[in-house]
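Here's the structure we're looking at; comments come further down.
The values are calculated or read from the model by the stated rules, or taken from the named source; none is laboratory data. In this text the structure is predicted, and so the values were computed from the model without any measurement. Using ideal geometry, Cβ is built from the backbone for each residue, glycine included, and neighbour counts are taken over all protein chains shown.
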Amino acid sequence: MGKIKHLNEVRSFLKKTPVANSRDIRLIVKNDNYAHLIVRNMVKRGEIKKLKKGYYTIYEDPALSVLCFKPSYIGLQNALSIHDIWKQETNVVIVTSKEVRVGKREVFGQNVILHRIKPSLLFGFELVKFGEFYLPVSDLEKTLIDLFYFKEYLNADVLKNIISRMNKKKFMSYLEKYPKKFRKTALSKLQNI
């Protein structure tokens, strides 16, 4: 009887949260071996999906993987799409300060791109509603700075659109947190438009 109770508690918890980790399930079940068994069986039955080692969800959205790399946010071209500036379909792009392997990963059959940034430069994001949940997404000002920082190509039209919609004071205050050489490069790119 107790085991079914735990299984129902785990299912209920998974419906309330976008992503659960192994530790969350161990806290509900209070038994490491049984928690592992529940997770393994739920994955096998297709009740939950594995985002990455130790992280699970009942939803099939690769953007939820941003919650596996905290502190992190969705950024670059993906953030431009969310802010309705970039019209092309994009991969999920995650910027994190966590020590992880950067590059491309596959989550639910889609590519997720990971970039690493210094902890002191992890700022400038807000929570944006994704379906039933809120996920961290970089604001326009930080997105533009990150595009320069990670040397991503932007065509002139997209750049002009970002500049027309962004808060210039906020952009300059964000830019102050970067090294002088980078600030100079970023400002020169803006002046060339």
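Could you tell me whether the range 90-99 includes any residue that is assigned by TED's automatic domain parsing to the domain that holds L76, closer than 19 Å to Q77 by Cβ and surrounded by fewer than 18 Cβ atoms within 10 Å (Cβ to Cβ)? Yes: the range 90-99 contains one or more residues that are assigned by TED's automatic domain parsing to the domain that holds L76, closer than 19 Å to Q77 by Cβ and surrounded by fewer than 18 Cβ atoms within 10 Å (Cβ to Cβ). Per the listing E141, E176, the residue uniquely exposed (fewer than 14 other Cβ atoms within 10 Å of the Cβ) and either assigned by TED's automatic domain parsing to the domain that holds Q77 or over 20 Å from L80 (Cβ atoms) (or both) is E176. One residue stands out among those in the range 1-40 that are touching a strand residue (DSSP E or B) at 6+ places or on another chain (Cβ under 9 Å) and small (G, A, S): the one that is modelled with the lowest pLDDT, which is S22. Does L51 satisfy the condition of being in contact with an Asp or Glu (Cβ under 9 Å, 6 or more places away or on another chain) and not hydroxyl-bearing (S, T, Y)? Considered against the rule, which asks whether it is in contact with an Asp or Glu (Cβ under 9 Å, 6 or more places away or on another chain) and not hydroxyl-bearing (S, T, Y), L51 comes out as no. Residues in the range 44-89 that are under 22 Å from R165 (Cβ atoms) and surrounded by fewer than 16 Cβ atoms within 10 Å (Cβ to Cβ): D84, K87, Q88, E89. Just checking, which of F108, F125 is surrounded by 14 or more Cβ atoms within 10 Å (Cβ to Cβ) and either touching an Asp or Glu at 6+ places or on another chain (Cβ under 6 Å) or of a type in the set (K, R) (or both)? Checking each option against the conditions leaves just F108.
Could you give every pair whose Cβ atoms fall below 7 Å, whose first residue belongs to the range 13-36 and is touching a residue at least 24 places away in the same chain (Cβ under 8 Å), and whose second residue is among the aromatic types (F, W, Y) and not in a helix (DSSP H, G or I), counting only separations of at least 6 or pairs across chains? Going by the 7 Å Cβ cut-off, the qualifying pairs are P18/Y59; P18/F133; V19/Y55; A20/Y56; N21/Y55.
Within the range 84-102, identify whether any single residue is under 11 Å from the mean Cα position of the chain (by Cα) and in a helix (DSSP H, G or I), and answer yes or no. The answer is no; no qualifying residue exists. Residues that are touching a Lys or Arg at 6+ places or on another chain (Cβ under 8 Å), of a type in the set (K, R), more than 28 Å from F148 (Cα to Cα) and free of Cβ contacts under 8 Å to residues at least 60 places away in the same chain occur in the range 39-62; there is at least one. Among the residues making up the range 64-114, those that are without any contact (Cβ under 8 Å) to a residue 60 or more places away in the chain and of a type in the set (S, T, Y) are S65, S81, T90, T96, S97. For the range 117-132, the condition holds for at least one residue, the condition being that it is assigned by TED's automatic domain parsing to the domain that holds K177, at pLDDT below 95 and under 12 Å from the mean Cα position of the chain (by Cα).
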